[in-house]
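Q: Quick one: this structure, given as structure tokens, is what I'll be asking you about.
The values are calculated or read from the model by the stated rules, or taken from the named source; none is laboratory data. Since the model is a prediction, treat every value here as computed from it, not as a measurement. Cβ placement follows ideal geometry from the backbone for every residue including glycine, while neighbour counts extend to all protein chains displayed. With ligands, DNA and RNA removed, areas are computed over all heavy atoms of the protein, side chains included. Shrake-Rupley method; radii C 1.70, N 1.55, O 1.52, S 1.80 Å.
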Amino acid sequence: MKKKIFSGVQPTGNLHLGNYLGAIKNFVKLNDDPENHCVFCVVDLHAITVNQDPKELRENIRETVATFVASGIDPKKSIIFNQSKVSAHSEVAWILSCTARMGWLNRMTQFKEKAGKDKEKASIGLYSYPILMAADILLYDTTHVPVGDDQKQHLELCRDIAQKFNNDFKVDNFFKLPEPLIQKEFSRIMSLKDGSKKMSKSELSNLSRINLTDSEDQIINKIKKAKTDTLPIPSNIDELNGRLEAKNLLIIYSSLSGLTLEKTINKFAEKNFSEFKKNLSQILVDKINPISQEIKKLLNEKSYLDKILLEGSKNANQIASKKIEKIHEIVGF
Ligand code: AMP
Ligand code: TRP
């Protein structure tokens, strides 16, 4: 049986190296395997859980599609669409919000991080966000979900919701329980300025991340300014303990070069960081520059990008509308 793959990326601008290495690179590999049926969603409904400028949002939706295609996802092989155009997502999110329990949502660490100190002022959407994510996944009978490490908890919640719905309505195996696909060594890329924080779109300092649209000069400059420590590169992994920034840069090199972290350490053992950084900049430029050039080119072809989304939403709608018909029947509508 074909594997059914589903994943989503928020169109909130500044797609970065963490998104690429943690998620999109994996999407490309899955897209290339004819054994898989892949659906990649630009999750614009998720994006509006925090304020968005409508004009920017529309551009960011296109930029996310451009990034998918520039990275190597083939819209002829995979369905690429934006969430708001398939209304089943919102509808199933409502139905599942009657299955999910408050106590489950209260445990979600991403909400706590994003809402910050003043939870009373966070939108309800930000709180119920993981239920919408569960709807995304369950509508397509998804078997595997490629994501970065930060989404693991949301996937566990999705499985809990699916299981409770199946039990409550006595419909064994109706919603399939999806497996996360999280890369082992490289699931979390950290900020270039603080190795204890995730590389993130919303971090104020642009120096904290490599954006997928950065030019060669910007990449070189950001790596030059990336935080390290005064010690040289160690000769074994254990000596990296507590050296968060050093470890992160070595992880980035490993992921881009296809080497294990251990092999990368062997390659640069006892060298100083200025020499390593030259190699890191080079591999980043080699891998990221072609993608950023292609993104820029595609952004000038708006009608092509819009056509991908239109086709994708038609195909997604076909799958989702069948599932929702069955859901109506099960629930008693
Ligand atoms: P988002 O930008 O939050 O929509 O995330 C899109 C995908 O990128 C999700 O699968 C995330 O888990 C992944 N991701 C985001 N930031 C990072 C990071 N710093 N390291 C690894 N994966 C990440
Ligand atoms: N919540 C995910 C993120 O912030 C994005 C997302 C929405 C998603 N729906 C999804 C990821 C379904 C995987 C599957 O990164």
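Q: Out of the residues in the range 17-42 that are touching a residue at least 60 places away in the same chain (Cβ under 8 Å) and open to solvent by less than 10 Å² (accessible area, probe 1.4 Å), state the one that is nearest to ligand 1 (Cβ to nearest atom).
A: Gly22
Q: In the range 225-254, what residues are touching a residue at least 40 places away in the same chain (Cβ under 8 Å), farther than 16 Å from Ser191 by Cβ and open to solvent by 10 Å² or more (accessible area, probe 1.4 Å)?
A: Once the filter is applied, which keeps residues that are touching a residue at least 40 places away in the same chain (Cβ under 8 Å), farther than 16 Å from Ser191 by Cβ and open to solvent by 10 Å² or more (accessible area, probe 1.4 Å), the range 225-254 yields only Pro232.
Q: Could you give me the residue pairs with C-beta distances under 7 Å whose first residue belongs to the range 123-139 and is closer than 21 Å to Gln52 by Cα, whose second residue is at pLDDT below 95 and charged (D, E, K, R) wherever it lies, and which are 6+ apart or on separate chains?
A: Leu126/Lys114
Q: So is Val171 in contact (Cβ under 8 Å) with a residue 60 or more places away in the chain and more than 15 Å from ligand 1 (Cβ to nearest atom) or not?
A: Working: in contact (Cβ under 8 Å) with a residue 60 or more places away in the chain: yes; more than 15 Å from ligand 1 (Cβ to nearest atom): yes.
So Val171 passes the test.
Q: Could you run through the range 129-151 and say how many residues are more than 8 Å from ligand 2 (Cβ to nearest atom), surrounded by fewer than 20 Cβ atoms within 10 Å (Cβ to Cβ) and in a helix (DSSP H, G or I)?
A: Result for the range 129-151: 1.
Q: Which of the residues that make up the range 43-77 are aliphatic (A, V, I, L, M) and either under 14 Å from Asp306 (Cβ atoms) or free of Cβ contacts under 8 Å to residues at least 40 places away in the same chain (or both)? Even if it seems obvious, please write down each step before you answer.
A: Filtering the range 43-77 for residues aliphatic (A, V, I, L, M) gives 43, 45, 47-48, 50, 57, 61, 65-66, 69-70, 73.
Ala47, Ile61, Val65, Ala66, Val69, listed by residue number.
Q: Here is a list: Lys117, Lys112. Which entry is open to solvent by 40 Å² or more (accessible area, probe 1.4 Å), in the same structural domain as Lys152 (by TED's automatic domain parsing) and not in a helix (DSSP H, G or I)? I'd like the intermediate steps shown before the answer.
A: Values: Lys112 fails: not in a helix (DSSP H, G or I).
Answer to the check: Lys117.
Q: Right, something else. Taking the options Ala316, Ala246, Ala226, Ala269, name whichever one is small (Gly, Ala, Ser) and under 23 Å from Asn60 (Cβ atoms). Write out each step before concluding.
A: On the way: Ala246 fails: under 23 Å from Asn60 (Cβ atoms); Ala226 fails: under 23 Å from Asn60 (Cβ atoms); Ala269 fails: under 23 Å from Asn60 (Cβ atoms).
One residue alone meets the criteria, Ala316.
Q: Just the residues that are assigned to a loop (DSSP other than H, G, I, E, B) and free of Cβ contacts under 8 Å to residues at least 60 places away in the same chain, please, taken from the range 255-270. Give the steps one after another, and end with the answer.
A: Taking the range 255-270 and keeping what is assigned to a loop (DSSP other than H, G, I, E, B), we get 258-260, 269-270.
Those that are assigned to a loop (DSSP other than H, G, I, E, B) and free of Cβ contacts under 8 Å to residues at least 60 places away in the same chain: Gly258, Leu259, Ala269, Glu270.
Q: Ok, one more. Restricting to the range 174-196, give me the number of residues that are over 15 Å from Leu21 (Cβ atoms) and away from ligand 2 (no atom under 16 Å from the Cβ). Spell out how you get there, then give the answer.
A: Quick first cut of the range 174-196, residues over 15 Å from Leu21 (Cβ atoms) only: 174-180, 193-196.
Then drop every residue that is not away from ligand 2 (no atom under 16 Å from the Cβ), which leaves 174, 193-196.
Residues meeting the conditions: 5.
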